[in-house]
Amino acid sequence: MRTQVAIVGAGPAGLFLSHLLAQEGIDSVVLEIRNRGHIERRVRAGVLEQGTVDALRAAGVADRLDREGLVHHGLELRFAGRGHRIPLSDLADGRAITVYGQQEVVKDLICARLAAAGRLLFEVAGLTVHVLTSSSPVVCFRQEGREHELRCDVIAGCDGSHGVCRDAIPRGALTVYERAYPFAWLGILAAVPPSTAELIYAYHERGFALHSLRSPAISRFYLQCRPDETLEAWPDERIWGELRARLATDDGWTLAEGPILERGITTMRSCVVEPMQHGRLFLAGDAAHIVPPTGAKGLNLAVADVRVLAEALAAWYRTGRADLLESYSATCLRRVWRAEHFSWWMTAMLHRQDDDPFQRRLQLAQLRYVCDSTAAATTLAENYVGLEWV
Ligand code: RFL
Ligand code: PHB
């Protein structure tokens, strides 16, 4: 088997890269360890930056997003029994976010690739990457019991935080920057109309809570919990009780409850590998960097990376110029580190960290400042909707 670009992983990064390359006339094969149903059902991100929506639209894969996505011009910070609206669009040049499930983006991209007869191989096993510093790297894998070798010009490692591409780079060629957090998120999807028109990020002494949404009939919630907790410790009654307590206000706001459709616990960490390239292997998305979900940046960074990579590959194939490929890592890392800082800042401001009352007063002082100062609110708003110039 041969292709120009072998793409490992059919998450948003791998699928969108394959789509962008096809638009430039560049052939690719996407290799995915899971089956199609699994990746189309995997509940994850929900917030798309303005730039992500614009990129999906420009690539012709936003028809359903434009019909079903919920455009939000603000969000709420809730603490000390009161909500404070941050008018995102007023503070960020009219830009907005769109709430649209990541698995819907994945479904739309799979449809587009299959409609264009793109090669998407599901349920590949034992995938390994070889001769990365040669001009003809190779991907080996098994499918339906048969061994395959895929020769290519370039490998795109889009295989997420537990993939194999990053680990194929020799130690010593990469620097890993990491930070763990002493808490996790319990996330649920519930069949209940949202009790809010905009996202609510709540700081409470019992811990952080987030009220998000997916559609007029489906709500999404997250609760800060301990990283060692299991789902058995969280029966439905405890989940709704904590959400009611952490989201409570003094003005009689009530939370509608409903059947829980899906639940999961995610640990939180920050991680960046530098550089995002080794020879002919280019890392993109979660394979190269992880952010805690508080800033809603992971999917948006994955899309931003592959836009840079697709443009660099297009220039290379068209004219032979390699400068954009050579600067791929540096170009992406500027945006990555801005998002790392923003996600860390949002996380530190909103989570209960320990029993330190000094720390709690600092967090409240920061929250009040963000709500009362236009300059501080603008910092949150422009980062949240996505900075155009990084
Ligand atoms: P993905 O989506 O993990 O896709 C990687 C794919 O690679 C496959 N794979 C392999 N394939 C072949 N061989 C192997 N050896 C393989 N190993 C792995 C995997 O099966 C998978 O299909 O990475 P990608 O494409 O880089 O996309 C990144 C995003 O998924 C991630 O950053 C976001 O989900 C993060 N995130 C959020 N991002 C946002 O922008 N906005 C949000 O609101 C937001 N909320 C979230 C989130 C992530 C969460 N969790 C569960 C981690 C909320 C949560 C709870
Ligand atoms: C979500 O809707 O899944 C969501 C929203 C905001 C975040 C993280 C996740 O910061």
Task: Test for Gly172: is it within 30 Å of Tyr222 (Cβ to Cβ), out of contact with any Asp or Glu (no Cβ under 9 Å at 6 or more places or on another chain) and not aliphatic (A, V, I, L, M) - done: no
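So that you can scan it fast, the table gives a plain yes or no per residue for (1) modelled with pLDDT under 95; (2) under 16 Å from Ala209 (Cβ atoms):
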| site | (1), (2) |
| --- | --- |
| Arg352 | no, yes |
| Asp356 | yes, no |
| Gln363 | no, yes |
| Cys371 | no, no |
| Thr374 | no, no |
| Thr378 | no, no |
| Ala381 | no, no |
Open item on the list: Quick check on my filter: what residues within the stretch 137-166 are of a type in the set (Lys, Arg) and under 26 Å from Ala312 (Cα atoms)?
Closed with: Arg151, Arg166
Open item on the list: With the structure loaded, tell me whether Tyr317 is touching a residue at least 24 places away in the same chain (Cβ under 8 Å) and within 21 Å of Gly9 (Cβ to Cβ) or whether it fails that test.
Closed with: no
TODO: Scan the stretch 12-43 residue by residue and report those that are surrounded by fewer than 23 Cβ atoms within 10 Å (Cβ to Cβ) and of a type in the set (D, E, K, R).
DONE: Glu24, Asp27, Arg34, Arg36, Glu40, Arg41, Arg42
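Could you tell me which of the residues Leu127, Leu132, Leu120 is more than 12 Å from ligand 1 (Cβ to nearest atom), in the same structural domain as Ala59 (by TED's automatic domain parsing) and either at pLDDT 95 or above or out of contact with any Phe, Trp or Tyr (no Cβ under 9 Å at 6 or more places or on another chain) (or both)?
Residue meeting the stated conditions: Leu132.
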Open item on the list: Looking at His204, His211, His278, can you tell me which residue is surrounded by 15 or more Cβ atoms within 10 Å (Cβ to Cβ), assigned by TED's automatic domain parsing to the domain that holds Arg67 and in contact (Cβ under 8 Å) with a residue 24 or more places away in the chain?
Closed with: His278
- [ ] Please give the number of the condition Gln143 fails out of (1) under 24 Å from the mean Cα position of the chain (by Cα); (2) within 15 Å of ligand 1 (Cβ to nearest atom).
- [x] (1)
Open item on the list: For the condition of a type outside the set (Asp, Glu), at pLDDT 95 or above, away from ligand 2 (no atom under 15 Å from the Cβ) and under 30 Å from His278 (Cα atoms), what is the one hit in Ala245, Ala168, Ala233?
Closed with: Ala168
Task: Qualifying positions in the stretch 85-135 - more than 28 Å from Arg57 (Cα to Cα) and without any contact (Cβ under 8 Å) to a residue 60 or more places away in the chain - done: Gly126, Thr128, His130, Val131
Open item on the list: Take Gly51 and tell me if it is within 16 Å of ligand 2 (Cβ to nearest atom) and either in the same structural domain as His38 (by TED's automatic domain parsing) or surrounded by 18 or more Cβ atoms within 10 Å (Cβ to Cβ) (or both).
Closed with: no
Open item on the list: With the requirement that a residue be farther than 21 Å from Leu132 by Cβ, more than 16 Å from ligand 2 (Cβ to nearest atom) and under 18 Å from the mean Cα position of the chain (by Cα), what does the stretch 11-37 give you?
Closed with: Leu15, Phe16
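The values are calculated or read from the model by the stated rules, or taken from the named source; none is laboratory data. Predicted, not measured: the structure shown is a model, and the values here were computed from it. Heads up, the Cβs are rebuilt from the backbone with ideal geometry, glycines too, and the neighbour counts pull from every protein chain shown.
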